[in-house]
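Asker: Here it is, the structure, as structure tokens.
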Amino acid sequence: MQFVDMFKLAYKALVDRKMRSALTILGIAVGSAIILALIASSSGLNASISGSIEKTGANVLTIRNAGGFFERGSTSTYQLSQQDVNYLTTIPGVVAAYPFYSYGASINNGGTSLQASVVGMDLSVLPVLYQGLTVASGTFPELGDTTSAVVGWQVANPTSGTPIGLNQMVSMSVSGIKGSAGGVSYTVLASAILAPYGTALFANIDDTVYIPLQAAQFLSKSPYFTGIYVIVDNTDDVTTVQTDIETYYSTNVRVISPGQILSSIQAITGQLTLFLGSIGAVSLFVATVGIVNTMYVSVMERTREIGILKAIGYRPRQILGMFLSEAALTGVIGAFCGLALGYVISFLMGGMLGGIGGGRGGFGFGGPGGAGGVIQPVFSTELILFSLVFPVVLATVAGLYPAWRASKMNAVVALKYE
Amino acid sequence: MFDNRLAKHVNPRDSELSDIVEKQMTARGPPAVQTIDVTKVYRSGHIDYPALRGVSLKIAKGELVSIVGPSGSGKSTLLNLIGALDPPTSGRVIIDGVDLRKLNEDGLAVLRNQKIGFVYQTFNLIQRLTSIENVEMPLVARGVPDKIRRSRSLKMLSAVGLAQKAKKRPTELSGGEQQRVAIARALVTQPAIVLGDEPTGNVDSKTTNEVLSYIVQVNKTLGTTFILVTHNPDVANMTHRLITIKDGLIEKEQYLQRIDSYTKL
């Protein structure tokens, strides 16, 4: 018996029972689509995160006081100062170390208050830390100018409130300064406004006002920094440098490396993938059981027909093949429908997952235009092949038992069936 | 009840008459069908039900045989045995020189495909296929290429006068037409024997005559052996030999017409 004929007959059998076939196919398509969408979205998420790390900060370590924002049970009261900056530059593999101050601030904007950050550091380092950062208007303050600031896009163009123009005054209330209970009043001149950027290295550039390091020192009345950015010359050396620093300081400082962040995020996305994956797998399993059931019913309904086929001279293996190809064909059609459906769902999922990988209030690893926060799903060739082959395999296996039953029927008994 | 012209009552004990028949048969070569003391016992729980209790017969190539008998006499069982659909409990069945005991399930299937055709009272066509697709089915099993089997099936449909209904489904055909499609299907593989289980049971008398005339015609032109189980005297009267079965045994055999006066060797 020729394969072409077997599948032509299988197709006719499926068409004969349109509703039943359609529902079984739908089951396969949905299960397959979910698995495809999920894996593609997770791959996209991973790619997005890895991509933005490569772009900004793959070779930047952030050193912070242990007892600060990132405190994790450390009771150290060690504070970072210039001597630490000097030490860090001596570590092999380190290109430079840039100290910074970071505080929360409330921007007074025509009556309304907007939350932002104030960061004091060597302003010329900004383009080095954040690759691709550009100025929308104005110029960076001159060296020695402690009254001007570089203002992030969202601060200058808030969603509610009056925009702040170039060379206008920005007045704010800075919180967290030692020795002051409430906020400290502070005013700067906006000499430059940055183009929209997004988040990087746990900072939201668009929501920050950058002031020169000396200005921050005056503001904080303290020689102790909030943290130090350490630039490593080679991404490969990052782990060694990190170990060196951690060995030297033990629990007195907190070292944050992008690699760590990446693995934590990947662990989370891994869990997510597993969870959603099991839902998809269960769905596909249910669809497969559906095929077993549908086929079993078909075989019983066509008992007489099977008797006729045997009388005409079809061998048991041929009858097995005929029913098995019906199951396989269901799988093939379901797989293709699932591919199309999964493609659409991937983009929907990408939107959902975007909140994790990028955009405002994310984990700090969005890229340019991170305000959008949409993840592009990634469809590898292996994934597409898997999505096409796996449902077909499952469907064929599902059809095995009913097809076997059909092939083993006694022709005489079958012919008498009502 | 049956036409007795040239009727010869063949009594197994009547050696002279059986010799004449034997000679007649041997002249036509090995028998198309031979059963040697076949029995068939069905077991239900602890109860054995003997459907056939020792049937021996020889059917020559080109014979038109009818098998009659009361319900439950075992005639359908005998047909299933001859059709290689059911193995005997004891005894041998030999079709066209092939002892069925020598064949496994695949071998029997191939035998049925190549040498045996079936026609049933309820037609047994596949509803979702068209007439020509139904007729093609035995050839599909054999792997005959598309174009060849199309033309052979069409020829067969023409032979039963239904070429114009090739694309119609069984639901669109009358009972008589469906039976003719079934006959075309049975003949498409050019089998040695065609077995009919009440082939005219579900059709009106006009169609019965049509169907019978096709059978006789095919028998004359192709020399196909026909074995028909029937209750219909009109059918029986068309045949060469009438075998009566009762209680699982052959009760009597009657020769109604001389085989060589109708069919070529």
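The numbers here are math on the coordinates, done by the rules we state, and not lab data. Predicted model only: the values in this text are computed from it and were never measured.
Asker: Taking 8 Å as the Cα distance limit and 6 or more residues as the minimum spacing, I'd like the relative contact order of the stretch B:25-169 as a percentage.
Answerer: 20 percent
Asker: Can you give the log10 of the normalised intensity I(q)/I(0) at q = 0.14, 0.18, 0.33 Å⁻¹, computed with Debye over equal Cα scatterers of the stretch B:154-199?
Answerer: Taken in order of the listed q values, log10 I(q)/I(0) reads -0.32, -0.52, -1.28.
Asker: Largest first, please: the extent of the C-alpha atoms of the stretch B:175-265 along each principal axis, to the nearest Å.
Answerer: So the three principal-axis extents are 34, 31, 22 Å.
Asker: Enter the Cα centre distance for the pair the stretch A:76-100 and the stretch A:123-182, rounded to the nearest angstrom.
Answerer: Going from one Cα centre to the other spans 25 Å.
Asker: Separate question: Starting from the Kirkwood radius over alpha-carbon pairs of the stretch B:78-162, derive D by Stokes-Einstein at 37 °C in a medium of 0.692 mPa s and give it in µm² s⁻¹.
Answerer: 225 µm²/s
Asker: Using 0.36 nm times the number of residues separating B:I36 and B:N209, minus their current alpha carbon distance, what extension gain do you get?
Answerer: That works out to 58.9 nm of additional length.
Asker: Here's a follow-up. Would you mind telling me which residue in B:V216, B:V38, B:V144 has the biggest mean-square fluctuation in a Gaussian network model of chain B, where springs connect alpha carbons within a distance under 10 angstrom?
Answerer: B:V144
Asker: Quick one: compute the contact order of the stretch A:60-233, relative version, from alpha carbon pairs under 8 angstrom and 6+ residues apart, as a percent.
Answerer: The value is 35 percent.
Asker: Something else now. In Å³ and rounded to a whole number, note down the convex hull volume per residue for the Cα atoms of the protein assembly as shown.
Answerer: 242 Å³
Asker: Just want to confirm a number: the relative contact order over chain B, from Cα pairs under 8 angstrom separated by 6+ residues, in percent.
Answerer: 29 percent
Asker: Restricting things to alpha carbons, tell me how big the stretch A:60-233 is in terms of Rg and Dmax, in Å.
Answerer: 16.0, 51
Asker: Something else about it: How many percent of all Cα-Cα pairs in the stretch A:200-251 sit more than 12 Å apart?
Answerer: 77 percent
Asker: Report the Rg/Rh value for chain B, based on alpha-carbon coordinates and the Kirkwood definition of Rh.
Answerer: That ratio equals 0.96.
Asker: Quick one: if you take sqrt(5λ) for each eigenvalue of the C-alpha gyration tensor of the stretch A:219-357, what semi-axes come out, biggest first, whole angstrom?
Answerer: After diagonalising the Cα gyration tensor, the semi-axes are 63, 16, 13 Å.
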